[in-house]
1. By how many nm would the segment from K336 to L258 lengthen if fully extended, with 0.36 nm per residue of separation less the alpha-carbon distance?
2. Under the rule of at least 5 residues apart or a separate chain, name every residue whose amide H is placed under 5 Å from the amide H of I163.
3. Along the Cα-to-C-beta direction of R189, a point sits 7 Å from the Cα; which residues of segment 275-312 have their amide N less than 14 Å from that point?
4. Going 7 Å from the Cα of Q210 along its beta-carbon direction, which residues of segment 38-71 have the amide nitrogen within less than 16 Å of the resulting point?
5. Pairs on different chains or at least eight residues apart, Cα atoms closer than 26 Å: how many lysine pairs in segment 73-200 fit?
6. Measure up K295/K336; K11/K319; K283/K362 against 18 Å on the Cα-Cα distance and list the ones that go over.
7. Using the beta-carbon distance between S278 and D457 and R0 = 41 Å, what value does 1/(1 + (r/R0)^6) give for FRET efficiency, to the nearest 0.05?
8. Using θ = phi - 60° and the Karplus form 6.51 cos²θ - 1.76 cosθ + 1.60, what ³J(HN,Hα) does each residue of segment 169-181 get, whole Hz, x for Gly and Pro?
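The values are calculated or read from the model by the stated rules, or taken from the named source; none is laboratory data. Fair warning: this is a prediction, and the values are worked out from it, not measured in the lab. Note that we place each Cβ from the backbone using ideal geometry, even for glycine, and neighbour counts take in every protein chain shown. Only protein heavy atoms, including side chains, enter the accessible area calculation; ligands, DNA and RNA are left aside. Shrake-Rupley method; radii C 1.70, N 1.55, O 1.52, S 1.80 Å.
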Amino acid sequence: MAQLWKGRFKKELAKETNDFNSSISFDSRMFEEDIKGSIAHATMLGATGIIEKSEADKITAELSDILDDIKSGELKINMGCEDIHTFIEGELTARLGQTGKRLHTARSRNDQVALDIRMTLKKEADSLIEKVKGLINVLCDKAEEHKETIMPGYTHMQRAQPITFGHHLMAYASMLLRDIERLTDAYNRMNILPLGSGALAGTTYPLDRQMVADLLGFDGVSQNSLDGVSDRDFCVELASALSLIMVHLSRFSEEIILWCSWEFKFVELDDAFSTGSSIMPQKKNPDIAELVRGKSGRVFGDLTTLLTVMKGIPLAYNKDMQEDKEAIFDAIDTVKMCLTAFTPMIETMTVLKDNMRTAAAKGFINATDCADYLVGKGLPFRDAYKATGELVALCIDKGVTLETLELDEYKNVCSIFDEGVYEAIKLENCVFNRKVEGGPSPESVEKQIKLARATVDSLPTPNENDKAEKYNLSEEEIKAISHIFAVPLFHSSFTQNH
Ligand code: ARG
């Protein structure tokens, strides 16, 4: 298909060059944002008298039809075009003739693509937040169920102190809540309208940029045209937030994989979320968790791609920046896919409480509590620590546990021991007395769940904007641009109140 910029050129673009230059195979997914952006731009061109109002009306109505036709499948996107912007504008002109050619007044593809990618990433950030919320809700439900399920907590992969499974799960909920904050933060910074920056140096037309920002649900307009077209910080920020989500999912996956092994057997995955071996009939493999762990590499790679693409390019727009899309889209799609598979896997897994309790009974994970008991009786902690260490060594020699060691043996090591030690080292007491804020006791876990649920519930859900009124748009005009109002929004007040 012919290029938009052909006036200066005497020859057609070589096929190889066209294939190399073209971005439509990956930017066509922004068709809706491109059309909505164009509708808002044309509405503003008409409202400000930059083009005839009647022509603007025709353009917005036709763009709406094009959007409907693409969505219904009636209009196929021509993959021979240079990019989605070229395709939509070409289609509009094919349908409207001369009038269609007025759409690109006071606009460049440089600010157009900067707009489209921001709109697309805003929508994606919203849907990512919804998916992360879904996982947090599942974790809260499971944690509620297991707020009294005792398991060993680990450091250095060695049994360390007793905790509850609910507490362990809520650690991941805490990470994911931070992930939502990071996504929201990235969202807020991408929520600035770049349109009006032109190719790089703004425009001489009297644009009403605020009107376009309001119509599209942006919080404000960019303040420097060079930065407006060449800023991709928000892609990097989103990729960085996504990378951290993958770090969290990958750590969680690693634990799931360990917990599924015969060595641990703390959980069993539902058949619907595990796979078998083609040769070993006994196998039940945690492939989903392994794939999530493996796919984290892709997302980190995408972040590195974006940083590397951006680091050496002079101002303003350079074609290198077309490379932003595949990287950020891949990161988004990968994280969404991972969350979609991971969340129901966690929801349906069976927790083998008894195995957790048995593991907790071994490994002297109540040794700190034994030392704390002595501290309660007046011994300095270092002395208590030493005496307990000797007791542990004695138990290992004798093949017994602190629970089954005779009181005489305790007294031989330190005379202030009495019967009370057995209560103090009971795992249930060790865990349930850790009531400190953020601790593993059932009350504390209950509070963590309550706060996590409240945070998730208080996050604003995408809603519509009401800027049509402000601009006194007629019913017909509202209809023509009605698609715009379905753009999901966050109120900027969220971050202020949060
Ligand atoms: N496909 C291009 C991109 O994604 C659109 C912008 C083209 N601008 C230009 N000056 N060639 O970056």
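1. Here the segment from K336 to L258 would lengthen by 25.7 nm.
2. M151, G153
3. 307
4. 44, 48
5. Within segment 73-200, the lysine pair count is 11.
6. From K295/K336; K11/K319; K283/K362, over 18 Å: K11/K319; K283/K362.
7. 0.35
8. Ordered by residue, 3J(HN,Hα) equals 5, 6, 4, 5, 4, 4, 4, 5, 5, 5, 4, 5, 4 Hz.
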